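> Once you've had a glance at the structure underneath, I'll fire off some questions.
Where a number appears in this text, it was derived from the coordinates with a stated rule and is not lab data. Just so it is clear, the model here is predicted, and its values are computed rather than measured. Using ideal geometry, Cβ is built from the backbone for each residue, glycine included, and neighbour counts are taken over all protein chains shown.
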Amino acid sequence: MVDWYGVRTMKLDASVVDFARAPFLVIWEVTRACALACVHCRADAIARRDPRELTTEEGFRLIDEVRHLGPKPPLFVLTGGDPMRRPDLADLVRYAAKAGLTVALTPSGTAAATRTRLAELKEAGLSRIAVSLDGPDPATHDAFRRVGGSYSWTMRIIEATIDLGLPLQINTTISRITLPHLEAMARRVAEFPLTLWALFFLVQTGRGANLDQVTAEDCERVLNYLYELSLTSPFGIKTTEAPHYHRVVWQREEERRQAGLPTQSVERRRQLRAPRSVGDGNGFVFIDHVGNICPSGFLPVPRGNVRTADLGHVYRTDEVFLQLRDADALLDRCGRCRFRAICGGSRARAFAATGMLMASDPLCAYDPGPQVEPLAGS
């Protein structure tokens, strides 16, 4: 699963989207087939394509629904598995681009993503490529991806993306395994002309169910490190399944104001991160390879299927989606927290840890105390 908040490049602004009406981000898992065997894979990807996948024509109908979700079309991401395993991928990109959607792609680090094929996708209207890099060198990345040579193929995709002039995003997983390499990773990604560095904080679901997450204290240190990095970084920095980064940014900016130090301008903040949290079912909707509509890929709780239900109707009216967008429905620490409206915690992680959608996010170190706090900024 991915994050796409390079507002300056994508010409989209989460601050002006009514998440009760339409999502900011729609991700379609076009296939679950993938040649990799990554230890953290939320999809638990398979070797061959599932015959139940949405067909090309069903994909076109889905694209039509996505285009009409709201007055401003959401960002549309084709993911997997490995989307390069679909022979009709260029047709899907072309149809979506002609419909007026901004289309992004997350190819796996394999030989399937050739320069020729990437050039075909650019010609079809592709707007951005995101690749996963989970280690600063071949040994650490390939160990995490469980396929020798994955790092080399990822570098070839990065080089081809840069050569083709497509905006580049790099996704990195934060887990107990990758945490020791974080600063080395920051130095490595800074070597590329990035639009966005997206850090995915592990949710124990799919193949990653038995992997160790970082601790809440480690997470807090990472989020503060990312804030410091964002002050000078030329590329955007965004977290997935760690929405409390918005709380850290708010706190750090407030500290700077009180100390009489300059804060980041509104335009700078928009260039570097989404102006508001985009989370599971809240500005975000995910369609899996067989058409199931879920709040996110990390929260695989099907609430309908695009073969039989209208995507917009499910997003706007389904009881689970409504609950996920209700900050007052949050429980325990998240429910008492003053940042509940701008953060809300990872609903996917809370569900994976407790089986309850609105429970507290165990990866957040902030303690609001026993009483409900007034909302930040009120």
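> Work the Kirkwood hydrodynamic radius out for segment 307-378: mean of 1/r over every pair of different alpha-carbon atoms, inverted, in Å. Don't jump to the answer; show the numbers that get you there.
Working: mean 1/r = 0.0765 Å⁻¹.
Across segment 307-378, the inverse of the average 1/r is 13.1 Å.
> Given the options 102, 308, 178, state which has the largest fluctuation in a GNM of the chain using a 10 Å cut-off (strictly under) for Cα springs.
For the chain, modelled as a Gaussian network with Cα springs under 10 Å, the answer is 308.
> Shifting gears a bit: Tell me what the chain gives for mean residue ellipticity at 222 nm when only DSSP H runs of n ≥ 4 count, each as -39,500 (n - 2.57), the sum divided by the residue total, rounded to 500 deg cm²/dmol.
Details: 14 runs with 129 residues, N = 378.
Calculated from helices alone, the mean residue ellipticity at 222 nm is -9500 deg cm²/dmol.
> Fewest to most neighbouring Cβ within 10 Å: what's the order for 185, 155, 356, 84?
Least crowded to most crowded, the residues run 356, 155, 185, 84.
> Count neighbours as other Cβ atoms within 10 Å of each site's Cβ, and list the trypsin sites (Lys or Arg not before Pro) in segment 302-378 that are DSSP loop with at most 14 such neighbours.
Working: sites: 303, 307, 316, 325, 333, 336, 338, 340, 347, 349; in loops: 303, 307, 325, 338, 340.
Those satisfying the criteria are 307.
> Within a 10 angstrom radius of the beta carbon, how do 72, 98, 238, 122 rank from fewest other beta carbons to most?
Working: 72 15, 98 12, 238 25, 122 19.
If I rank by nearby Cβ atoms, fewest first, I get 98, 72, 122, 238.
> Gap in Å between the Cα centre of segment 133-170 and the Cα centre of segment 306-325?
Using only Cα atoms to place each centre, the spacing works out to 36 Å.
> When 53, 319 are ordered from fewest to most other Cβ atoms inside 10 Å of their Cβ, what list results? Before the final figure, lay out the partial values.
On the way: 53 21, 319 8.
Least to most surrounded, the residues fall as 319, 53.
> If only Cα atoms are counted, what is the Rg of segment 111-153, and what is its Dmax, in Å?
Computed over the Cα atoms of segment 111-153, radius of gyration and Dmax are 12.7, 35 Å.
> For the chain, calculate the relative contact order in percent as a whole number, restricting contacts to Cα pairs under 8 Å that are 6 or more residues apart.
It comes to 19 percent, rounded to a whole number.
> How much of the DSSP bridge set in the chain is antiparallel, in percent, rounded to the nearest 5?
Restricted to the chain, the bridges split so that about 15 percent are antiparallel.
> Related question: Apply 1/(1 + (r/R0)^6) to the Cβ-Cβ distance of residue 60 and residue 326, taking R0 = 45 Å, and write down the FRET efficiency to the nearest 0.05.
For R0 = 45 Å, the calculated efficiency reads 0.85.
> With N set to the residue count of segment 116-193, report its C-alpha Rg divided by 2.2 N^0.38 Å to two decimal places.
1.14
> Mean shadow of segment 219-378, computed from the convex hull of its alpha carbons, in nm²?
10.6
> Just need the Rg to Rh number for the chain, please, alpha carbons only, Kirkwood Rh.
That ratio equals 0.94.
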